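*Asks:* Mind having a look at this structure? Questions to follow.
The values are calculated or read from the model by the stated rules, or taken from the named source; none is laboratory data. Since the structure is predicted, the reported quantities are computational estimates derived from the model, not experimental observations. Cβ sites come from the backbone with ideal geometry, for glycine too, and all protein chains shown count toward neighbours.
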C-alpha cells in the first residue's frame with residue numbers, strides 16, 4: 001500500500017511540476033521515492049518480526065521447538081531459523097512493493113494503483129491454495145511466504161526456499177525497472193495525465209506475465225516437478241520420519257529405555273481414497289499405517305493415522321489408534337499426565353523433486 005501510493009499521491013495533489021522544478025531530474029525523484037517507501041516497508045517488517053518474537057516468548061517461553069519433521073530444535077537453533085524465515089520473507093515483500101511502484105507510476109491518480117499490491121497478493125495466495133503444478137507455484141513470488149517451512153526440517157529443505165527467494169528477487173528487479181522506465185519517459189507537461197492504459201499493459205502486465213512463463217518453464221526443466229509434488233512415496237517417507245522422531249520424544253516422557261530412529265526402522269504405508277483414486281495430490285482422504293520395531297521385541301508395532309494434506313505440502317496426522325500409542329491426547333507419565341506427541345502432529349512433504 002505504501003509503495004502503491006508513493007507516486008500516485010503526487011498526481012492527486014498535482015505537485016509534479018513543483019518537484020521537477022526543485023529537483024529537476026525524474027530519475028532522482030524516482031530513486032528517492034522508491035528508497036523512502038522501501039525504508040517504511042523494511043521498518044514495518046522488522047516491527048512484525050520483533051513483536052511476534054516477543055509475543056512468542058511471552059506466551060510459550062524459551063523452550064525447545066518441535067520441527068516439522070518431529071526433531072527438536074534448541075531455543076538457540078529455533079531463534080536462528082525464525083530469523084532466517086523472516087529474512088526470506090523480505091524477498092516476496094520486495095516483489096509486492098515493486099509491483100506497487102509499477103502500479104503507482106502506470107495508473108496515475110487512479111485508486112487501482114493503491115490497491116494493486118493487496119489485490120495481486122490476494123490473487124497469488126488464492127493460486128497457492130489451488131491444486132496446481134509445483135512449477136507454477138514456484139513461479140509466483142508469494143511461494144516464498146510459505147516455503148520457510150523447509151527451514152524447520154532436518155536436513156533443511158532449502159531448494160524450494162532458495163528457488164522461491166530467487167524468483168521473488170527477479171520479480172522485484174523487473175517490476176522496479178519497468179516502473180523506472182515508465183516514470184522517466186512520462187510527459188509531465190500534461191496536468192490531466194491519468195496513466196497510460198496501453199503502456200501499463202505493454203510495460204507492466206506483459207513483461208511480468210512473460211517472466212512467469214519463463215520461470216515455470218525453467219523450474220519444470222530443472223526438476224521433474226510438473227505435478228502436485230505430493231506423491232505416495234514422499235508422504236510415506238515424511239510420515240515415517242516424523243513418527244520416528246516423535247516416538248523418541250514419547251519414550252523420554254514415559255521414561256522408557258532410549259531408542260534411536262535407526263533401531264525403530266519406522267516405515268509407513270499410505271493410500272489415498274482407499275486406493276480408488278490416483279495416489280498423489282492434496283486431500284483429507286489419506287490413510288496410513290505406520291510400522292516400527294523395538295530392540296528385543298519380536299512383534300512389530302503399528303499405528304493408524306488419518307492425514308489431511310494441503311496443496312503446499314503441509315499435513316496434519318491425526319492418530320486413530322491404538323490408544324496407548326496415538327489414540328488419546330494425553331499419556332500417563334510417572335510425574336502425571338502429559339501431552340501425547342504422537343496423537344496429532346504436523347508434517348511437511350517437500351514438493352520440489354531434488355533427487
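*Asks:* All but one of (1) modelled with pLDDT under 85; (2) in contact with a helix residue (DSSP H, G or I) (Cβ under 9 Å, 6 or more places away or on another chain) hold for residue 244; which doesn't?
*Replies:* For residue 244, the exception is condition (1).
*Asks:* Mind listing whichever residues of segment 103-124 are in a helix (DSSP H, G or I) and touching a helix residue (DSSP H, G or I) at 6+ places or on another chain (Cβ under 6 Å)?
*Replies:* 103, 104, 105, 106, 113, 114, 116, 117, 120, 121, 124
*Asks:* Further question on the same structure: Within segment 332-344, restricting attention to residues that are in contact with a helix residue (DSSP H, G or I) (Cβ under 6 Å, 6 or more places away or on another chain) and assigned to a strand (DSSP E or B), which residue is modelled with the lowest pLDDT?
*Replies:* By that ranking, first place goes to 333.
*Asks:* Residues in segment 150-168 that are surrounded by fewer than 18 Cβ atoms within 10 Å (Cβ to Cβ) and outside any loop (DSSP other than H, G, I, E, B): how many?
*Replies:* Selection size over segment 150-168: 3.
*Asks:* Looking at 169, 174, 94, which one is touching a helix residue (DSSP H, G or I) at 6+ places or on another chain (Cβ under 9 Å) and more than 19 Å from residue 216 (Cα to Cα)?
*Replies:* Going through 169, 174, 94 in turn, the sole match is 94.
*Asks:* If I ask for residues that are within 29 Å of the chain's Cα centre (by Cα) and crowded, with 16+ Cβ neighbours inside 10 Å, which ones from segment 305-325 would you list?
*Replies:* 305, 307, 309, 310, 311, 312, 313, 314, 315, 317, 319
*Asks:* Could I ask something else about it? Is it the case that some residue within segment 12-28 is touching a residue at least 60 places away in the same chain (Cβ under 8 Å), surrounded by 14 or more Cβ atoms within 10 Å (Cβ to Cβ) and within 30 Å of residue 245 (Cα to Cα)?
*Replies:* So far as segment 12-28 goes, no, none of its residues is touching a residue at least 60 places away in the same chain (Cβ under 8 Å), surrounded by 14 or more Cβ atoms within 10 Å (Cβ to Cβ) and within 30 Å of residue 245 (Cα to Cα).
*Asks:* Scan segment 212-228 for residues that are within 20 Å of the chain's Cα centre (by Cα) and modelled with pLDDT of 85 or more and jot them down.
*Replies:* 212, 215, 216
*Asks:* Which one of the conditions (1) over 20 Å from the mean Cα position of the chain (by Cα); (2) at pLDDT 90 or above; (3) within 26 Å of residue 144 (Cβ to Cβ) does residue 235 fail to meet, given that it meets all the rest?
*Replies:* (1)
*Asks:* Out of segment 333-352, which residues are without any contact (Cβ under 8 Å) to a residue 40 or more places away in the chain and closer than 17 Å to residue 248 by Cα?
*Replies:* Within segment 333-352, 339, 343, 344 meet the criteria.
Let's see how each residue does on (1) assigned by TED's automatic domain parsing to the domain that holds residue 218; (2) free of Cβ contacts under 8 Å to residues at least 60 places away in the same chain; (3) touching a strand residue (DSSP E or B) at 6+ places or on another chain (Cβ under 8 Å):
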| residue | (1), (2), (3) |
| --- | --- |
| 144 | yes, yes, no |
| 150 | yes, no, yes |
| 159 | yes, no, no |
| 163 | yes, no, no |
| 175 | yes, no, no |
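*Asks:* Okay, next question. Do any helices (runs of 4 or more DSSP H) entirely within segment 1-61 hold 1 or more residues that are more than 15 Å from residue 186 (Cα to Cα), at pLDDT below 80 and in the same structural domain as residue 108 (by TED's automatic domain parsing), and if so, which?
*Replies:* Correct list: 8-13, 16-23.
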